[in-house]
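Asker: The structure that follows is given in the form of structure tokens.
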Amino acid sequence: MKRVPLVAAADFPAGSAGEYVVEGKIVALFHTEAGYFAVDGMCLHAGGPIAKGAVAGCLVTCPWHGWQYDLRTGEHALNPRLKLPQYVVAVAEGMVCVEWPETAA
Ligand code: FES
């Protein structure tokens with residue numbers, strides 16, 4: 001795993017959300033009252049922008065058609081078999097980072 005910095009922690013207070021591209025993948029990053037969460041940024045329904053969804057507690061609602069996901073698990077609120085890939089978030093040297101798999105050589 002390698003640590004990929006996304007944004008300065010000082011610029012990403014609680015209540016923030018953002019969309020970042022890491023090696024061609026969209027990552028949706030959230031800072032909620034419960035901490036930081038990062039999931040794949042494309043909704044499993046039709047690719048809606050998860051990072052632009054409304055957040056209530058740890059639940060994010062896709063802005064396109066309302067699918068809801070638990071940010072703690074990535075699971076769809078009604079069907080846990082549908083699960084957004086998650087990324088581990090770490091804060092290092094003032095940056096909010098995701099742990100990213102090493103690309104196969
Ligand atoms: S694209 Fe997210 S609910 Fe349809």
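Asker: Before we move on, is Lys83 within 22 Å of Val4 (Cβ to Cβ), of a type in the set (Lys, Arg) and in contact with a strand residue (DSSP E or B) (Cβ under 7 Å, 6 or more places away or on another chain)? Steps first, please.
Answerer: Details: within 22 Å of Val4 (Cβ to Cβ): yes; of a type in the set (Lys, Arg): yes; in contact with a strand residue (DSSP E or B) (Cβ under 7 Å, 6 or more places away or on another chain): yes.
Yes: the conditions hold for Lys83.
Asker: Tell me the strands (runs of 3 or more DSSP E) entirely within region 40-83 that contain at least 2 residues that are within 11 Å of the ligand (Cβ to nearest atom) and touching a Ser or Thr at 6+ places or on another chain (Cβ under 9 Å).
Answerer: Result: 68-70.
Asker: Exactly one of these conditions fails for Phe37: (1) in contact with a helix residue (DSSP H, G or I) (Cβ under 6 Å, 6 or more places away or on another chain); (2) surrounded by 15 or more Cβ atoms within 10 Å (Cβ to Cβ). Give me its number.
Answerer: The one condition Phe37 does not meet is (1).
Asker: While we're looking at this one, here's another question. Only one of (1) loosely packed, with under 13 Cβ neighbours inside 10 Å; (2) in contact (Cβ under 8 Å) with a residue 12 or more places away in the chain fails for Leu82. Which number is that?
Answerer: With respect to (1) loosely packed, with under 13 Cβ neighbours inside 10 Å; (2) in contact (Cβ under 8 Å) with a residue 12 or more places away in the chain, Leu82 is out only on (1).
Asker: Right, another one. How many residues does region 92-105 contain that are touching a strand residue (DSSP E or B) at 6+ places or on another chain (Cβ under 8 Å), among the β-branched types (Val, Ile, Thr) and loosely packed, with under 13 Cβ neighbours inside 10 Å?
Answerer: The total comes to 0.
No lab work stands behind these numbers, since they all come straight from the coordinates. Being a predicted model, the structure only gives us computed values, none of them experimental. Positions of Cβ are backbone-derived with ideal geometry, glycine not excepted, and every protein chain shown enters the neighbour counts.
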